[in-house]
Amino acid sequence: MPAHLTKSLSHIKALRQASKSPWLFLCSSSYCDAPHKKSKLAPLQERRMIDRFRLYAKGGGGGSGCTSTRRSRHDRRGRPDGGNGGRGGDVILECSPRVWDFSGLQPHLLAQRGGHGSSKNKIGTRGADKVAQVPVGTVIHLMKGEIPSVVVSHFSEDLDPWEIPGMPIGDATGSDQHSALTSLNTEEDTGSSSSQPQRTVEESAGKTTQLGSTDIHSQSSSSSSESCTEDETEKKEQLQLNVAELTVQGQRITIARGGEGGLGNVSSVKVFDDEESSIRVGLPGSEAVLILELKSIADVSLVGMPNAGKSTLLGAISRAKPAVGHYAFTTLRPNLGNLNFEDFSLTVADVPGLIKGAHENRGLGHAFLRHIERTKVIAYVVDLASALDGRKGTPPWEQLRDLVLELEYHLEGLSNRPSLIVANKIDEEGAEEVYEELKRRVQDVSIFPVCAVLEEGVPELKTGLRMLVNGEISDRLRLDKIMVD
Ligand SMILES: Nc1nc2c(ncn2[C@@H]2O[C@H](COP(=O)(O)OP(=O)(O)OP(=O)(O)O)[C@@H](O)[C@H]2O)c(=O)[nH]1
């Protein structure tokens, strides 16, 4: 036996012997455990969401048709009885609230190919669809391939007798479904979105509908340009079309279609010999390369520094139950809550805390600045008590200045939308004076003093939010209206 092996064997024997002694056993077991101990990962890195994802999808190829002849004693020449090949499966994206980002997605989605036809007229089996779940608020940019098509059959709600599947529907569900999959601008024709003609989508297994003309908000076009400036490589690859948005639970779109199966010789299609083989072979599935981008969709975003009390506030104004903690970045994902009025409801997103330098991807950075892009109204939440009693926090007016700057650095004009200020933690000692000072230093925008914990000032705030979303008031927080020392 080679010398080094003898040496290691004797080492193992020594360890075994040592483990019989209780003292040494403790030592050896702790030694053995060491490599299994989970290394402590930085929590933010560990849970950083994936909000952009490049996806390749390919539909399953069609199965081949069969060439077969059935002969019998009575029919010596025989009759063709080869069945057609089965159709390949589709690749489908399904909108689901169970997933929050794209971390669970595979970069290559391939659907199953169709089965081959066989004798006795048997048609090949249809290839299984590949269904991948994507979060609510997924925007799809197309780099290569066909425009995705809506799968209508998936919607579980029963249709009313007067509704025809696939027709544009006037009610809320229908309009949601309709607006959810709208063709967006190409980069080249940004700005001409509203005048784009209606696009018809090719039929996909008899389950497709027409895509409506685009009515995409200016934010989408700005986001497309923003996303491109952000990633140079994508720019080179020429992101040609931003094609769809998935906003309603259960929506499905086909991003790559399965190929049709080849014809069996039982089909009464006359073919010449040289065409024979090509017509029998199933067609390949379509291919697509997509960029998925996640943006949550809400009417109002609560924007504030970490620990300002945004999650507590969301819980106070809606039925949402976000995690609340006295440490920064308790919120790692935007929480959504519904604010219901008698005749109206609006969605509020609690966006994770922004810090100085968020536009350079500090803190939770870009991921959440993008969520703000998709909200109509901004509610700036400031902590009145952050600089009280010798605490080293930032006074509310400075918090506001930093927040506006971060939004503007991220995307010019992002802060220029209807806004209000929530002056939170009014219950703390000395907060009243800070609130008075805040009113003096910040002008032209409504300030609502609130104690989120005790739900004080919440009804007034709700009314303010409603009026902003409805467009009854349109205050904006402007940098030159914030007085900082
Ligand atoms: N005194 C007082 N404390 C509050 C109030 N609202 C929230 N807090 C406390 O402030 C701390 C932070 O609250 P969160 O709601 O987690 O703050 P957040 O802004 O969501 O924090 P991030 O998730 O880091 O962005 C918690 O300890 C809350 O209990 C309030 O009105 N008064």
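Here, each number is a calculation from the coordinates, and none is a lab measurement. Model, not experiment: these values are computed from the prediction. Don't worry about glycine lacking a Cβ; one is built from the backbone with ideal geometry, like all the others, and counts go over all protein chains shown.
General remarks:
- Protection proxy ranking, highest mean first, for peptides 309-315, 422-428: 309-315, 422-428, where packing is the per-residue count of other beta-carbon atoms within 10 Å, averaged.
- Gain in span if fully extended, SER345 to LEU405, counting 0.36 nm per residue against the direct Cα distance: 18.6 nm
- Square roots of five times the Cα gyration tensor eigenvalues for region 60-151, Å: 42, 11, 9
- Placing dummy labels 7 Å off each Cα toward the beta-carbon, the span from LYS439 to GLN249 is 4.2 nm.
- Computed lengthening from GLU455 to ALA128, 0.36 nm per intervening residue step minus Cα-Cα distance: 112.5 nm
- Set LYS376/LYS462; LYS392/LYS481; LYS144/LYS376; LYS392/LYS425; LYS58/LYS144; LYS58/LYS122 screened for pairs whose C-alpha atoms are more than 23 Å apart: LYS392/LYS481; LYS144/LYS376; LYS58/LYS122
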